[in-house]
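Before any comments, here is the structure.
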Amino acid sequence: MSWESEFTSQWQTFMDIVETNIRRQVKNNGSLNSVFVNTVIKNEVEKWSNSNHFNGAWLRKLNREKPSLYEQFRTTLDTLHSSSSISFNNPSIVLSVMGGIGICVILIIFGFLHLLVQLELISLVLKQEILTTALASIIILPILKNIEAKERENQLNQLIDNLQQDLNFTGEKLREIAAKAEEKLYSR
């Protein structure tokens with residue numbers, strides 16, 4: 001395998017791990033920020049310093065065979081971070097609480113209407129109109145929640161796309177260094 005193709009494979013794995021950790025963070029905690037993203041990136045960059053890791057072994061080999069390119073690669077790698085301001089909050093918890101409160105209010109209204117009908121203070125027709133409106137609200141709530149979940153997923157996908165573009169700027173520089181190692185190998 002060539003220097004460049006090995007790097008490309010490692011880079012893709014790096015990007016997949018970063019994306020997976022971001023999605024897991026949002027799923028588990030409902031939020032995401034730049035500090036977390038840069039911590040994930042830093043942890044993955046550190047694998048290039050671990051000679052027992054595939055990335056570290058590749059970099060150690062580059063150091064042995066192409067010390068000047070190793071220095072370039074290492075310097076560029078050390079600059080890898082997200083320069084974007086990242087903030088993502090999952091509003092589904094708030095939506096769930098609001099939905100629960102709404103259902104409780106509807107149940108209280110049903111109880112109150114039942115009492116009014118028994119006391120003959122409200123007509124049965126009015127009660128049916130109110131019940132129909134309340135039932136429609138209960139049916140619409142899951143639809144709105146589904147729409148909100150899709151929008152949240154679209155926002156997360158856009159955030160990840162922007163992050164990948166941000167990181168790929170440095171990734172391209174690293175790939176170019178790996179390509180130079182390939183060129184020097186064949187120019188001997």
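The values are calculated or read from the model by the stated rules, or taken from the named source; none is laboratory data. For clarity, every value in this text was computed on a predicted model and none was experimentally measured. Backbone-built Cβ (ideal geometry, glycine too); neighbour counts: all protein chains shown. Accessible surface is based on the protein model in full, side chains and every heavy atom, while ligands, DNA and RNA are left aside. Shrake-Rupley method; radii C 1.70, N 1.55, O 1.52, S 1.80 Å.
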- Item | the range 26-38 - residue that is over 19 Å from residue 11 (Cβ atoms) and in a helix (DSSP H, G or I) and, of those, most open to solvent (accessible area, probe 1.4 Å) | 27
- Consider residue 65 carefully, then state whether it is farther than 20 Å from residue 82 by Cβ and surrounded by 15 or more Cβ atoms within 10 Å (Cβ to Cβ). no
- Query: Given the residues 62, 77, which is the only one that is more than 25 Å from the chain's Cα centre (by Cα), modelled with pLDDT under 95, in a helix (DSSP H, G or I) and aliphatic (A, V, I, L, M)?
  - Reply: 62
- Task: For residue 185, work out the one condition from (1) modelled with pLDDT of 70 or more; (2) part of a helix (DSSP H, G or I); (3) open to solvent by less than 80 Å² (accessible area, probe 1.4 Å); (4) under 30 Å from residue 4 (Cβ atoms) it doesn't fulfil.
- Result: (1)
- Message: Can you confirm whether residue 12 is closer than 19 Å to residue 173 by Cβ and assigned to a helix (DSSP H, G or I)?
- Response: yes
- Message: For the range 13-70, give me each residue that is of a type in the set (Phe, Trp, Tyr) and farther than 29 Å from residue 159 by Cβ.
- Response: 58, 70
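Can you tell me which residue in the range 84-116 is modelled with the highest pLDDT, limited to those that are among the hydroxyl-bearing types (Ser, Thr, Tyr) and surrounded by 12 or more Cβ atoms within 10 Å (Cβ to Cβ)?
Here the answer is 84.
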